[in-house]
Structure formats: C-alpha cells, structure tokens
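Step one of this worksheet: look at the structure below.
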Amino acid sequence: MLLIKNGMLMTGTGTIYKGDVLLDQGKIAGIGEISDLPETGTVLDAEGKFVTPGLIDVHTHLGIHEEGIGPAGHDYNETSDPVTPYVRAIDGINPNEQGFEDARKAGVTTVQVMPGSANVIGGEMVVLKTAGTVIDQMVIRNPSGMKAAFGENPKRFYGGKGKAPVTRMGIAALFRKEMKAAQHALKKLEQGEELTPDLGTEQLIKVLKKEIPIRAHAHRADDIATILRLAREFGFDLTIEHCTEGHQIASYIAEHDVRVSVGPTLSTRSKIELADKGWHTLKELNEAGVPVSITTDHPVVGIDSLILSAISAVKHGLDLETAWLAITLNAAKHLGVEDRVGSLEKGKDADVVIWDGDPFDARSMVETTIINGTIVYDRSKEK
C-alpha cells in the first residue's frame, strides 16, 4: 500500500486540485483527502509537486524497432510479402530494449506497439505497460488492432521491387482483396462450414467482427479518404494513424466517428507526404470534433519526447486540456483500455507519475514513475 500525499492532482478527467492518492494491490484505492494508512504502508510526500496518471503513447515501435543496432534490431516489417495479417507484434518485442527505460523515465507507462508501414496489411499490434521483463506479463490488450498502410511507404517499398503494389490503386486493391476473402470466410463460418486453416484470414475475421479495429497509416488527405471509403464498404472499426493532412478534410473525417493519432510532429519533413506537417493539424481536427491523440512514433521521435510534443501543440494553439487528454484519457480511449488507464480514478490501474513541477513546463522533471503500484523509476536514486 502506497499513499501519495499533498500533491497537485491532474486527474486526467478535467480537474486539478490538491489531494492524496492511495494505491493498493496494483490499483487506485482512493483519491482526495486520505488520512488513514495501515502501518505496513508507505507515504510519499508530494507537497509542491504534480501527480498525474501515467502518460500513454498510442503508436510506437518500442522494442520491435530497437535503436542503435541496425538491421539486427529491425523486427517491425515482415517484408517477405506486402500482405501479412498473420504476424503479431508481440512476437518481435524485446522488453529489455533501452526505449522502455526511457519511457519510464519520461512518465510513459502505457504504449501500443505495432508493425511498421511497409506492408498494405502489416499484422496485429499490442498494448503494453512499459515495465517488465516478460512481454506476456506486460500486456493489457492483445491484440489491440490490425495494422494497415496506405500511400508512399508500401508503394515505394514494393514498387521498387517491381512487385505489387506499385500504385495507390494497387494498395487499395490488395487491401480490398484480402478483406473480401475474409468476408467470404466469415460467411462460411456463420453458416456452420469448416474452414481450411489460414491464420491471416482468421486474424482479419477479428476485424470484420469488430473485435479489433484497423489502425491505418495514412498521411495524405486522399489516402485518408481511401481508408474511410474502405471502412464504409466493409463495416470495420477504424483509427487513422499519423493523419498528417487531416486538417485539410477535418469536417469530412468528423462525419465518420473515428479517432486519430497525430504525429510524430517533432520529426522533420523526411518525405513528400509530410510537406504539410505541422501543429495546426491537431488544432483543426480538434475544432472539427475529431478525438485526437498525440504520438512520437518511437523511434522516429524518442518516446521521452511525448510530453514535449504535447507542450509544443499547446504552444501552437491547441488548448491545454485537449493536449493533456491526447496523452492520457483520450489516448486510452483510442486504444480501448480506458477502463484501466488514462486517469486517476478509483479502481483503475495504479499507474502514477510524480513531477517536480507542472508537466506543461518544459523544465519540469519526472521524479517518480509508478506502474501497477510499484515504483519503477526514482530519479533520486540515479547516479
């Protein structure tokens, strides 16, 4: 049992006030003014400090695209074929990768790890806590989505080999072809027929049954419109990942009841699809009523820059509350794990961060990161 006393609580539910947080058996057991603690408990005095829920990055390649070791750490794109719905990110993640420690030091306690964007359909993804040594013990949702990618990446990668897809038409056609096959297989199942085992089809059936969404990499506005068209055609749930030109068609996106992740906006304009990249995307999508999350796309931008991304968004016109929700509660909703993380509320996982100042002051530092009620980072113990 751990009691955090006298902190400024940024709950993630739109309120900030001075109070206490009680953690017990990995859950938030109480919040507000708490005076009693059993003799076996520990008290942390947070006077003059800010106490927040753990931060959430909805779109990363943490542990599956390891930093600093080149091809040996590149386990995020299964480029043997442009359509690989049968692969799973969980099978390629190294929990000992440095990025997980960087995340804990930056107060990031939950991440979604996904395949890369070379393939039209790239495989299943997973939502994890950022502390642990065995991936299976870190999972909070698996699978959490099916990766798809539209536009420049699959076109460039396979077109360069003289192999489909060579065009945007080819990308959409390959995606539609696989979904049609899965649709046909699902119909057979519903009629009681036995299917020939096919792992890719089985995993796409989860999409058609709305057990998991398609999470679609799309930068350009026309690519965003294409995936929205396909979502209408097949009736699956969808999130749009990156959404770089989303501001150009913000009202159209808002008509489709989808969530979007925006980023990595701190990165350079490294390819033509990023020509209109900027912080205005978040502001205009939010004003149109589209729920937004902020991502680093680690390691494109380091996971430790998630809070800096939110600060930059505020600096460029996004209101502070929306920016905060974009890395806490709205991010949890994007991932479908809002019942467990994203806010300081009784009954949720005990994922808590103590800061030495306002998190939206770029000079503030994380002092303590707690995941499932256990202190996983303590700045006072750093050498």
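Between the stretch 329-360 and the stretch 110-174, the C-alpha centres lie 26 angstrom from each other. Remark on H217: its backbone amide H falls under 5 Å from those of A148, A149, F150, E241, a criterion applied only to residues 5 or more positions apart or on other chains, H modelled at 1.01 Å from N. Near T15: Cβ cut-off under 13 Å, other residues only, Lys/Arg at +1 and Asp/Glu at -1. The net charge is -1.
Each Lys and Arg Cβ is given +1 and each Asp and Glu Cβ -1; about its Cα centre, the chain then shows a dipole of about 1100 debye. For the chain, the residue among T42, A103, A72 whose Cα projects farthest onto the positive side of the dipole built from Cβ charges is A72.
For the stretch 215-360, compute the orientation-averaged projected area of the C-alpha convex hull (one quarter of its surface), in nm².
Values: hull surface 36.7 nm².
One quarter of the hull surface, i.e. the mean projection, equals 9.2 nm².
In a DSSP loop and with at most 10 other Cβ atoms within 10 Å, there are no chymotrypsin sites (Phe, Trp or Tyr not before Pro) in the stretch 1-85. Taken as Cα centroids, the stretch 64-85 and the stretch 270-317 sit 24 Å apart, rounded to the nearest whole angstrom. Sorted from longest to shortest, the spans of the Cα atoms of the stretch 297-347 along the three principal axes equal 33, 26, 16 Å.
Ranked highest first by the average count of other Cβ atoms within 10 Å around their residues, in what order do 191-202, 121-132 fall?
Numbers: 191-202: 11.2, 121-132: 25.5.
So the order, starting with the most tightly packed, is 121-132, 191-202.
Rounded to the nearest 500, the 222 nm mean residue ellipticity of the chain from helices alone is -7500 deg cm²/dmol, with -39,500 (n - 2.57) taken per DSSP H run of at least 4 residues.
Just how large is the dipole of the stretch 227-382 about the Cα centre, in debye to the nearest 20, putting +1 at every Lys and Arg Cβ and -1 at every Asp and Glu Cβ? Walk me through the intermediate numbers first.
Values: 15 positive and 25 negative charges, 48 e Å.
Here the size comes out at about 240 debye.
Can you tell me the dipole magnitude for the stretch 208-251 around its Cα centre, using point charges on the Cβ only (Lys, Arg +1; Asp, Glu -1), in Debye to the nearest 20? Each step should come with its number before you reach the end.
On the way: 6 positive and 7 negative charges, 30 e Å.
For this selection, approximately 140 debye.
Compute the Kirkwood hydrodynamic radius of the stretch 92-251, taking the inverse of the mean of 1/r over all pairs of distinct Cα atoms, and give it in Å to one decimal. Provide the component values of the computation, followed by the final result.
On the way: mean 1/r = 0.0585 Å⁻¹.
Kirkwood hydrodynamic radius for the stretch 92-251: 17.1 Å.
Of the GluC sites (Glu not before Pro) found in the stretch 1-69, those in coil by DSSP whose Cβ has at most 11 other Cβ atoms within 10 Å are E33, E39, E47. Take each peptide in 92-98, 138-144, 279-285, 294-300, count the other Cβ atoms within 10 Å of every residue, and average; sorted highest first, the result is 294-300, 279-285, 138-144, 92-98. Against the chain, whose longest principal axis comes from its Cα atoms, helix 168-190 is set at around 80 degrees.
Every read-out reported here was derived from the displayed coordinates using simple, explicitly stated rules and does not represent laboratory data. These numbers come from a predicted model, not from an experiment. Here the Cβ is made from the backbone with ideal geometry for all residues, glycine too, and neighbour counts use every protein chain on show.
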